[in-house]
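Take a look at the structure set out below.
The values are calculated or read from the model by the stated rules, or taken from the named source; none is laboratory data. Being a predicted model, the structure only gives us computed values, none of them experimental. We place every Cβ from the backbone using ideal geometry, glycine too, and count neighbours over all the protein chains shown. The accessibility values were calculated without ligands, DNA or RNA, using every heavy atom of the protein model including side chains. Shrake-Rupley method; radii C 1.70, N 1.55, O 1.52, S 1.80 Å.
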Amino acid sequence: MTVHALLAQKFSMSVDLHTHSSASDGVLSPPMLLARARHNGVAMLALTDHDNVAGVRELQQLTAQPQDPELVAGVEISAQASGQDVHVVGLWIDADCPALGSLLGAQAVLRGARAQAIGERLARKGLADCYAGALLQADGAAVSRPHFARHLVAAGHCRDESQAFKRWLGRGKAGDVRCEWPGLASANAAIHAAGGLAVLAHPLKYRLSRTRLDRLLAEFREAGGDAVELVSGAQAPHAATDLLKLMDRYQLVASTGSDFHSPAQTWCDVGQQLALPRQATAVWELRGAA
Ligand code: AMP
Ligand code: MN
Ligand code: MN
Ligand code: MN
């Protein structure tokens, strides 16, 4: 059996290459997330917090426990492609890479300015003190929209986070403040500079027509992208079939992840997303070939 086949056999048990901790908009601390992955029998786990690697560093300091999954250092970079906001996951990155660090530093500045702008916009709509509330929810992490959502729930303005996005933070709403995220080429280049592989995150979440999805994959490949999340979260079983055809066209390999944020997110626990289709070439096989 080849090394690739062995790796695939081992990791097809349960691999989760997209998760969040409280270092971004996740609820569990990095060690709690790791414990949950261990409990769920995950063989390989990537922590991919939004635009920062603080949680990855924290996990790398821990002494490994028996049954720990193999840890993959990751990050989820906010980026833009043809006017559309997209996310690019970097896997097997060197968290200390200066080029990556400089991109993440710039992201933190963008996030800070956007959070203030969101706060001002919501204040104009009669929702005072949301910026302070979101800061409190973030508890030192870079502020993101879920922190605003949690504040809106805690302050009694919304029933749950989903309603907060529907009313205030989602596409086209007052709190949907545009941000000049880096382009795909910059995001991919920073990931490659850090020795990682660049994965287009959850392509089916962007709600694109097939033609526009095709264009996005072409653009991502052109910008140096390596892989696409063929399976993300609680996806319908047939959803991967069509996407895999597009990926093959652009020679993009497949990644998989739950996009886990919270134990309250009951639709997909850590490592519990569907298995990759057999025909797909898994991103860790590319890693094996490197
Ligand atoms: P941000 O990084 O600040 O742009 O916030 C984006 C994050 O908000 C995503 O990574 C999700 O975790 C979360 N999110 C986006 N849309 C929704 C939604 N409709 N309901 C709940 N959470 C959402
Ligand atoms: Mn998130
Ligand atoms: Mn994402
Ligand atoms: Mn994510």
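With unit charges on the beta carbon (Lys/Arg positive, Asp/Glu negative), name the residue among Gln84, Leu62, Gln163 whose Cα is farthest towards the positive pole of the charge dipole of the chain.
Gln163
Can you tell me which of 254-261, 175-182 comes out highest on packing, and rank the rest after it, using the mean Cβ neighbours within 10 Å?
On the way: 254-261: 26.2, 175-182: 16.9.
Output ranking for 254-261, 175-182: 254-261, 175-182.
Would you mind telling me the share, in percent, of accessible area of the chain contributed by carbon and sulfur at probe 1.4 angstrom?
Working: 7070 of 13290 Å².
So the carbon and sulfur contribution to the accessible surface is 53 percent.
Is the range 196-262 best put as rounded, prolate or oblate by its Cα gyration tensor, with a ≥ b ≥ c the root eigenvalues, rounded for a/c under 1.5, and otherwise prolate when a/b is larger than b/c, oblate when not? Intermediate results must be reported in sequence, preceding the final value.
Values: a/c = 1.67, a/b = 1.24, b/c = 1.34.
Here the range 196-262 falls in the oblate category.
Pull up all non-local amide H partners of Ile77: gap of 5 or more, or a different chain, and H-to-H distance under 5 Å with H placed in the peptide plane.
Those qualifying (amide H under 5 Å, at least 5 residues apart or on another chain) are Asp51, Val88, Val89, Gly90.
Based on the mean of other Cβ atoms within 10 Å per residue, sort peptides 87-95, 67-75 so the most packed one is first. Don't skip to the answer; put the middle values down first.
Values: 87-95: 23.8, 67-75: 20.4.
Output ranking for 87-95, 67-75: 87-95, 67-75.
I need the shape label for the range 178-290. Rule: rounded when a/c is under 1.5, else prolate if a/b > b/c, else oblate, with a, b, c from the alpha carbon gyration tensor. Working shown, then result.
Details: a/c = 1.29, a/b = 1.25, b/c = 1.04.
Cα axes put the range 178-290 in the rounded bin.
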